[in-house]
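**Student:** My questions will all concern the structure given below.
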Amino acid sequence: MTNKYQRGAILSPRHKLAAAMPASHFLAGVVPPANFGTIAHYQLGGNSQYGDCVSVSEANAKRAYSVALGNTEINIADNTVVSWARSHGYLNGADLSTVMTTMETAGMPDVSNVMHCDGSHSAVDYTNQAELKAAIYTCKSVKIAVAANQLENVVNGANGWFLFGARKDSSIDHCVELAGYGTAKYLAQLCGVTLPKGINPNEFSVLLVTWGTCGIVGWQSLQNIMVESEAWVRTPTDVVNPTHKYKETAMGDNVGTINIQDLIAILQNIDAVVQEIEKLLQPATDKPEGILPFNGTLLKELIAEIMAAAKNPALLSILASVAAGLPAPYNLIVEGIIAALQAANPTPAPTPVAA
């Protein structure tokens, strides 16, 4: 039988999943409402022709997030999703964590040419109903991988389809978003459809977004199409203008989700090339207003090199001087790292020179 839709999800390498920060770290204490859900103009994104579901789910997550917050719906055109997936090699298959990592620094532009990226991603225990509820409510959308055969049998091109009584299927091949949860009755009302006979109106269910639609999947059916699968959230789900990604948290001991003190302990023995520090800190000539091409990987490399520079007071003094002239938020990032070094290093590090 020919599939109406394409799939394209590959499970993330197990070592990446094992090493991922658990979302429970920041979801602890969240008390979500009993029912929650977001209806948006969910898109197909070329997934009837290409296996780009992992990329399409990124665009749909932005839609859910913006609508749930009461903002103008983020509209990333289907052809943009296809072009983005093609340019990164994700057009006909990709794993979830790799796509999210790319989205942290190389996002998708919306129809107004505003760039949308991901925050850092964390793993969700999708078998834990309380944690999954908290994740959906907090982040407005959860990215998961499923076995799609039984989904394709019920998705009909309109919102409000139902999947209950699904059998176990471990053939994971499709990426979708979860944008709501609650009783089957609540989600049916949210979708504007009548609950079919035979479905318990009080059964806990989820709102699943796929192939340009959203539908209602019973809890046990969700588990049965996610055998040994994975679930992720981004924090935040949408980052506009990624050059400001670390601005709000750069002044303290934490830069984004990176704890400087933890990195100091980890990086003590790294033999970094200290000569690269000055090059990394120079404003890029091809960027407007001297914005640096920062991303999470580069930041970690920079911290490693600053750790090496801490052994050379003269070089660290140059670093402190350069930091004062950097554009925000990078001056705050580097100054925060130097402050952490001052606390961790018995040899006092110099204070950044005022601009």
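No lab work stands behind these numbers, since they all come straight from the coordinates. The shown structure was predicted, so the numbers you read here are calculated from the model rather than taken from an experiment. Neighbour counts are summed over all protein chains in view; Cβ atoms, including those assigned to glycine, are modelled from backbone coordinates with ideal geometry.
**Student:** Spelling out what I want: for every residue of segment 199-206, take phi, set θ = phi - 60°, compute 6.51 cos²θ - 1.76 cosθ + 1.60 (Karplus), and round to whole Hz; glycine and proline get x.
**Tutor:** Couplings: 9, 5, x, 9, 5, 5, 9, 10 Hz.
**Student:** Which far-off residues, 5 or more places away or on another chain, put their amide H under 5 Å from the one on Glu203, with H placed in the peptide plane?
**Tutor:** Counting only residues 5 or more places away or on other chains, the set is Ala184, Lys185.
**Student:** Taking H as built 1.01 Å from N, whose amide H comes closer than 5 Å to the amide H of Trp161, not counting residues under 5 places away?
**Tutor:** Amide H to amide H, under 5 Å and 5 or more residues apart or across chains, Trp161 pairs with Ile216.
**Student:** Here are some pairs, Lys16/Lys143; Lys133/Lys168; Lys4/Lys140; Lys4/Lys197; Lys62/Lys133; Lys4/Lys133; which of them have Cα atoms lying more than 24 Å apart in this structure? Let's see the in-between values first.
**Tutor:** Working: Lys16/Lys143 15 Å; Lys133/Lys168 22 Å; Lys4/Lys140 28 Å; Lys4/Lys197 27 Å; Lys62/Lys133 18 Å; Lys4/Lys133 31 Å.
In this structure, Lys4/Lys140; Lys4/Lys197; Lys4/Lys133 lie more than 24 Å apart at Cα.
**Student:** Residue by residue, what Karplus-based ³J(HN,Hα) values in Hz, rounded to whole numbers, does segment 119-124 have, using 6.51, -1.76 and 1.60 with θ = phi - 60° and x for Gly and Pro?
**Tutor:** Those phi angles translate into x, 5, 10, 9, 8, 10 Hz.
**Student:** Please name whichever of Ser171, Thr138, Ile10 sits farthest to the positive end of the charge dipole of segment 9-240, dipole taken about the Cα centre and charges placed at Cβ: Lys and Arg +1, Asp and Glu -1.
**Tutor:** Comparing the listed Cα positions along the dipole, Thr138 ranks first.
**Student:** If you don't mind, another one. So if I take the centroid of the Cα atoms in segment 8-45 and the same for segment 189-221, what is the distance between those two points in Å?
**Tutor:** Computed from Cα coordinates, the inter-centre distance equals 18 Å.
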